Each structure stands twice: as C-alpha cells, then as structure tokens.
Amino acid sequence: MDPIKNIVRRAEFKDVSDIALMWIKLSADQLQKDKFYTGEIPDSVNESIEHYTELLENENCGIFILENENSVYGYIEVWRSAKDFHFFIDDHAYILHYYIEESFRNSPQSLYYFHQLYNCVEKWASEKKLLYIVADVFEHNNKVAKLLGHLCKMELYRHKLVKKLDEGANY
C-alpha cells in the first residue's frame, strides 16, 4: 500500500463507529494478555460509540485517525494529564490508546503509519504548550515499547516512556 494514499487527521464525529470498533479490538487483544486483569473484556459497541462521541468534544483529548480511501484502520488517543504521583514533573500529554488494524501492522509501511500517528501527538502536545509526552505500555507489548523508544525517542522512566519536547518548537 502506498503511504501517500493514506491520510492521518484529527478524528471527527463520522469516525466514531470505526474508532469504537478498533477500541474493542484493542481492549480484547491487550486485556486478554494482561495476567493481572480480572474484569470483563469490553464488547459493547453502543457504549463505546457513546464514550468516543463524548471524547471528541473534550478539549483535553486528542484523537487522530489513519485512513485510506476504503476505511479507517488506525488511531491514537492522547490526553492532557495533570502532574501527579505517576509523572510529577509537569503537566503532560498522555498517550492512552494506540491501535492499527492487524492487516496493516505487518505491511512495509507500518513504521511509517505508527510515526505519522505519533507525530500528531507531538503537534497536539506542542499546541497545548505541554513539554512531555508519557505512555504506559503493557509488559507483554515489547514491540510498541521498542517503537516508542527507538522511533519516537522516548526514555524509560519509572517503567513509563517519556519524551521531552523542545520549548517553542513548531511541529
């Protein structure tokens, strides 16, 4: 697939169903691998649609999608998060979810897709005047941890991946 035909953009209300379905797939995949999770795996599309509809109106949340002429096949969700015990240095951008459909993960352009979504997070954080991006990664998800470390230059910090953004940089 030619990366030029793919578009990364801020999510809109018309994308909510696609995002909700990807979130359900992401939750099922990750929570089934989490040896400490004992709750039910989310599977309500309607609840997910309602949830993401609300998030699109929240100025402290940024959701960006990856699409081609046929479908939406990836997204990243970032939040403005206040400094707290987990990252007490400063307010920061927190990557909560990242997902690309499995059929696209193994394509030759998969790193390109990942980086394009991540670049949206950097730009969003810069616009919000946030100097750090923080992400948690499940222990079993080494591939994403390595991508965040190597491709996005995030560093291990208290088992979190962090990148400080340059002040005043125009991303």
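The figures follow:
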read-out	value
Any chance residue 102 is under 18 Å from the mean Cα position of the chain (by Cα) and within 19 Å of residue 142 (Cα to Cα)	yes
First in the stretch 147-171 and modelled with pLDDT of 85 or more and open to solvent by 30 Å² or more (accessible area, probe 1.4 Å), second anywhere and part of a strand (DSSP E or B) and charged (D, E, K, R), Cβ under 7 Å, 6 or more apart	153/163
Pairs with Cβ under 7 Å, 6+ apart, first in the stretch 12-24 and of a type outside the set (D, E, K, R), second assigned to a helix (DSSP H, G or I) and open to solvent by 10 Å² or more (accessible area, probe 1.4 Å)	13/53; 16/49; 16/53; 17/49; 20/45; 20/49; 21/45; 24/45
Which numbered condition residue 88 misses (of (1) within 17 Å of the chain's Cα centre (by Cα); (2) under 20 Å from residue 165 (Cβ atoms))	(1)
Among (1) touching a helix residue (DSSP H, G or I) at 6+ places or on another chain (Cβ under 8 Å); (2) free of Cβ contacts under 8 Å to residues at least 40 places away in the same chain; (3) over 18 Å from residue 72 (Cβ atoms), the one test that residue 139 misses	(1)
All positions within the stretch 21-38 that are of a type in the set (Gly, Ala, Ser) and either part of a loop (DSSP other than H, G, I, E, B) or more than 19 Å from the chain's Cα centre (by Cα) (or both)	none
Residue 41 vs. criteria in a loop (DSSP other than H, G, I, E, B), over 22 Å from residue 125 (Cα atoms) and β-branched (Val, Ile, Thr)	yes
Residue satisfying all of: in the stretch 86-104; charged (D, E, K, R) and modelled with pLDDT of 85 or more; least open to solvent (accessible area, probe 1.4 Å) among these	101
Of all residues making up the stretch 36-56, the number that are loosely packed, with under 13 Cβ neighbours inside 10 Å and among the hydrophobic types (A, V, I, L, M, F, W, C)	2
Residues of the stretch 44-68 that turn out to be assigned to a helix (DSSP H, G or I), among the polar types (S, T, N, Q) and within 30 Å of residue 126 (Cβ to Cβ), as a count	2
Tally of residues being in contact (Cβ under 8 Å) with a residue 40 or more places away in the chain and either open to solvent by 30 Å² or more (accessible area, probe 1.4 Å) or in a helix (DSSP H, G or I) (or both) across the stretch 122-135	8
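The values are calculated or read from the model by the stated rules, or taken from the named source; none is laboratory data. Treat the numbers as computed from the prediction; the structure is a model and nothing was measured. Reconstructed Cβ throughout: ideal geometry from the backbone, glycine too, with neighbour counts over all protein chains shown. Ligands, DNA and RNA are excluded from the accessible area calculation, which covers all protein heavy atoms including side chains. Shrake-Rupley method; radii C 1.70, N 1.55, O 1.52, S 1.80 Å.
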